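Engineer: First, the structure itself, so that you have it in front of you.
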Amino acid sequence: MRSEELFAEAQTLMPGGVSSPVRAIKPYPFYTRSASGSHLLTEDGENLVDCCLGYGPLILGHAHPAVREAICSCTEGGWLYGTPAEKELILARMIVADHPSVDMVRFVSSGSEATMAAIRLARGFTNREDIIKIEGGFHGAHDGVLIKAGSGATTMGVPDSAGVIPDVVRHTLQVPYNDTEALSSLLENNDNVAAFILEPVLGNVGPVLPDENYLSEVRKITEEHDVLLILDEVITGYRLGIGGAQVKYGITPDLTTFGKIIGGGLPIGCFSGRRDIMAMTAPAGPVYQAGTFSGNPLSLSAGIACLQQLRDNPGVYSTLAENARAIGESIPSAKSDGFVNLGSMFKLFFRKTPPRDYREAKESDTEAFSVFWNKMIKKGIFLPPSQFETNFLSIAHTEEDVATIAGAYSECLS
Ligand code: PMP
């Protein structure tokens, strides 16, 4: 197999052979040669239905014509200026218009950069030092949030990374998801908390869904304690609908981080929110933040094209949700109790009930997941290779693709 050969050499050139840990599928990952629509073509000649979709950005599927056209025509005019460009305003206007909580945005190049800057900004604005995150919440791979982190960190068994010094850890406090009492009592006893950062839906553990009223309670509690609420919508932004989780659940965060879909599949991130807070960002204010590739015209072009497609076709969200539901319905009833679905995010947890938090998610039978994952790939379905990563659908998945995925779920679980 060509993938096996490539991986053998890759391991001599890159740690673990990969550019990001979750890609190191055992015994060796397949290498992708090209991708189109809902499919990946591997270096081994296999054609796979993709339910990973670059871990979320590709809601339109691979190589969507409108996004490709936007990228290609942008290259005609060069792809990096080191100056402002009008495209920044176009994407900024869209994000501001779609999110009532957002007055201003700052573009960066990844979700990690966005959360790192949002946390710094919250500290600069409040003059406080601590932050609270959710156990199992993942906000990228920077020091302050690599503590009980979900996603690949949990999959690889390193939720607490070596190299993150105790002085940093000391300022990152944790509460379980769906536990408002834990949040309240932590805040009762600590007046040095700048912000509570959370994924509205724990996409990096599953998805794990919020209990009814959890998010509105969180907003109330943070407000009562004068603590900023940073909603990390890197996954949920434009995934759960126009306006993301905050519009869906009717909450108003102080700051929001975006990434993934807003770049149409090219590298991007953005932190955003209330004008008085955002105005603390350099050069308007004293909180420093900068980046060579920030607001680069290629990512902006792809993002604008992608969001325009979604805004022009808002009906896609209900089609996506119906398709994910159909996949859930194909699961034999004896195994279906751990199925979780919200819009186009879905996952089968190998446990008796949908988990409510990280601890419950970790009780899942990861061996059984692994057996299932291997059966699915043999049937030509690529799912994210971890029990703790959400599956996605795109608008490129046809009825036939959905039937193929559903059929594979049904067979591989019987
Ligand atoms: N926040 C969330 C909720 C994420 O899911 C991720 C990545 N999966 C990040 C932040 C980090 O984004 P990036 O990988 O673009 O740095």
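Laboratory data are not the source of any read-out in this text; all were calculated from the coordinates shown. In this text, all values refer to a predicted model and were calculated from it rather than measured experimentally. No Cβ is skipped: glycine too gets one built from the backbone with ideal geometry, and neighbour counts run over all protein chains shown.
Engineer: Please get the size of the charge dipole for the range 76-153, origin at its Cα centre, with Cβ charges of +1 on Lys and Arg and -1 on Asp and Glu, quoted in debye to the nearest 20.
Structural biologist: For this selection, approximately 200 debye.
Engineer: If you don't mind, another one. Kindly write out, for the range 402-411 in residue order, the coupling ³J(HN,Hα) from the Karplus curve 6.51 cos²θ - 1.76 cosθ + 1.60 (θ = phi - 60°), rounded to whole Hz, with x marking Gly and Pro.
Structural biologist: 5, 5, 5, 5, 4, x, 5, 4, 4, 5
Engineer: Report the gain in length on full extension from Glu5 to Ser161: 0.36 nm times residue separation, minus Cα-Cα distance, nm rounded to one decimal.
Structural biologist: 53.2 nm
Engineer: Okay, next question. Rounded to the nearest Å, what's the spacing between the alpha carbon centres of the range 17-38 and the range 295-345? Just the number, please.
Structural biologist: Value for the Cα centre distance between the two parts: 22 Å.
Engineer: For the residues Arg106, Arg274, what sequence is obtained by ranking on other C-beta atoms within 10 Å, fewest first?
Structural biologist: The order, fewest Cβ neighbours first, is Arg274, Arg106.
Engineer: Which percent of Cα pairs goes in each bin when the distances of the range 62-117 are cut into 10 angstrom slices starting at zero?
Structural biologist: Whole-percent P(r) values from 0 Å outward: 18, 40, 39, 4.
Engineer: Could you bin all the Cα-Cα distances of the range 1-87 into 10 Å bins starting at 0 and give me the percent of pairs in each, rounded to whole numbers?
Structural biologist: For the range 1-87, the pair-distance distribution reads 14, 34, 30, 19, 3.
Engineer: Each residue of the range 4-9 in turn: what ³J(HN,Hα) in whole Hz from Karplus with 6.51, -1.76, 1.60 and θ = phi - 60°, glycine and Pro shown as x?
Structural biologist: 4, 5, 4, 5, 4, 6
Engineer: Which longest run of the chain has no exposed loop site in it, a site being chymotrypsin sites (Phe, Trp or Tyr not before Pro) in a DSSP loop with at most 14 other beta carbons within 10 Å, and the site itself not part of the run?
Structural biologist: Result, exposed sites excluded: 82-287.
Engineer: Nearest-5 percent of antiparallel DSSP beta bridges in the chain?
Structural biologist: 60
Engineer: Using 32 Å as the Cα-Cα cut-off, could you pick out the over-long pairs in Lys87/Lys362; Lys148/Lys335; Lys26/Lys87; Lys26/Lys248; Lys87/Lys148?
Structural biologist: Exceeds cut-off: Lys87/Lys362; Lys26/Lys87; Lys26/Lys248; Lys87/Lys148.
Engineer: A follow-up question, please. What number comes out for the charge environment of Val227, summing +1 per Lys or Arg and -1 per Asp or Glu over other residues with Cβ under 11 Å away?
Structural biologist: -4
Engineer: Give me the net charge of Ser151's neighbourhood, meaning all other residues with Cβ under 11 Å from the Cβ of Ser151; Lys, Arg count +1, Asp, Glu -1.
Structural biologist: So the surrounding residues net to -2.
Engineer: Could you sort the peptides 400-407, 69-76 by per-residue average Cβ neighbour count (10 Å cutoff), highest mean leading?
Structural biologist: So the order, starting with the most tightly packed, is 400-407, 69-76.
Engineer: Based on the alpha carbons, how large is the Rg to Rh ratio for the range 355-396 when Rh follows Kirkwood?
Structural biologist: 1.03
Engineer: Per residue of the range 237-248, what does 6.51 cos²θ - 1.76 cosθ + 1.60 with θ = phi - 60° give for ³J(HN,Hα)? Whole Hz please, x for Gly and Pro, Karplus curve as stated.
Structural biologist: x, 6, 8, 8, x, 5, x, x, 5, 5, 6, 4
Engineer: Find how much the distance from Ile90 to Lys26 grows on full extension, using 0.36 nm per residue of separation minus their present alpha carbon separation; answer in nm with one decimal.
Structural biologist: 18.8 nm
Engineer: Using the C-alpha gyration tensor of the range 246-312, what are the square roots of 5 times its eigenvalues, in whole angstrom, with the largest one first?
Structural biologist: So the three semi-axes of the range 246-312 are 23, 19, 8 Å.
Engineer: Now for a separate question. In the range 65-311, what is the volume of the convex hull around the alpha carbon atoms, normalised per residue and reported in Å³?
Structural biologist: 123
Engineer: Can you compute the radius of gyration and Dmax for the chain, using only the Cα atoms, both in Å?
Structural biologist: According to the Cα coordinates of the chain, Rg and Dmax are 20.7, 60 Å.
Engineer: What FRET efficiency comes out for the pair Ala403/Ser36, r = Cβ-Cβ distance, R0 = 22 Å, nearest 0.05?
Structural biologist: 0.70
Engineer: Find out how many positive minus negative residues lie around Pro84, taking Lys and Arg as positive, Asp and Glu as negative, among other residues whose Cβ is under 15 Å from that of Pro84.
Structural biologist: With Lys, Arg at +1 and Asp, Glu at -1, the net is +1.
Engineer: Also, quick follow-up: Quick one: which residues, 5+ away or cross-chain, put their amide H under 5 Å from the amide H of Leu173? H built at 1.01 Å from N.
Structural biologist: Hits under the 5 Å cutoff: Ile131, Ile132, Lys133.
Engineer: In nm, to one decimal, how far is the Ala63 label point from the Ala326 one, both placed 7 Å along Cα→Cβ?
Structural biologist: 2.4
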